[in-house]
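So the structure is just underneath, and the comments pick up after that.
The values are calculated or read from the model by the stated rules, or taken from the named source; none is laboratory data. Worth saying up front: this structure is predicted, and the values here are computed from it rather than measured. Using ideal geometry, Cβ is built from the backbone for each residue, glycine included, and neighbour counts are taken over all protein chains shown. All accessible areas refer to the heavy atoms of the entire protein, side chains included, with ligands and DNA or RNA removed. Shrake-Rupley method; radii C 1.70, N 1.55, O 1.52, S 1.80 Å.
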Amino acid sequence: PVFASEARRKMSKAATVKDVPAAPFIKALAEHFKSGGQFEVPEYCRYIKTASFKELGPYDPDFYFVRAASIARKVYLEGGVGVGGLARIYGGSARKGTRKCHFQRGSRGILRHILRQLDDIKIVQKKKGQKGRFITSTGQKTLDVIAKQLISGFKRPEFYEMSLAEPAEDVEEGVEGEEVEEEENAE
């Protein structure tokens, strides 16, 4: 008979974006966007901040690709998210010196521009009669291929490889109290 553990070993190691940790996935997808040459990075990106409450712009020169990868992942996972929802996601706490901190949204201009770029390369798309952006079938395929490439490099946790426990040895029939007395006498 084929046990469940043996069947699991024979299964393909298919993966989706949900199966991969966020940080390595975003890094790999940003590298894919950068090497693909599909994005036009605006010239003003060197001078902008990602939110009004930030003091400085991003230090990473490739932040545009990283943000695009992060947005593509968010649209994949949540679906129906628009510019306002993404501004809320990328917002943060505005520190006002000695006054209390308050939440502020992220910059919507860069988010809108990235969503348009993702729409141009058919990763995300608007649906008629619904608000927000949704992942397309080609976008889902692209992101899942990258996730599968990443997951093949990760070590599979040990508990997936566990086999069924072997049957316990037969215990001699008798009264339980007798076994305890025999153990005490042996010591």
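Electrostatic bookkeeping for Ala87 treats Lys and Arg as +1 and Asp and Glu as -1; over the other residues with beta carbon under 9 Å from its beta carbon, the sum is +3.
Normalised per residue, the accessible area of the range 26-117 is 61 Å², obtained with a 1.4 Å probe and no contribution from ligands, DNA or RNA. As a calculated quantity, the FRET efficiency between Lys27 and Arg95 at R0 = 25 Å, using C-beta atoms, amounts to about 0.35. Loop-located chymotrypsin sites (Phe, Trp or Tyr not before Pro) in the range 42-92 (DSSP state other than H, G, I, E, B) with a sparse environment of at most 10 neighbouring Cβ atoms within 10 Å: Tyr47, Tyr59. In the range 79-126, Cα pairs under 8 Å separated by at least six residues give a relative contact order of 31 percent.
The alpha carbons of the range 1-144 occupy a box of 70, 36, 35 Å along the principal axes, longest dimension given first.
The calculated FRET efficiency for the pair His102 and Cys45, based on their C-beta separation and a Förster distance of 30 Å, comes to about 0.65.
The GluC sites (Glu not before Pro) of the range 33-78 that DSSP puts in a loop, and whose beta carbon has at most 16 other beta carbons within 10 Å, are Glu40, Glu55.
Checking every one of the trypsin sites (Lys or Arg not before Pro) in the range 46-149 against DSSP loop status and a limit of 16 other Cβ atoms within 10 Å picks out Lys49, Lys54, Lys122, Lys127, Lys128, Lys131.
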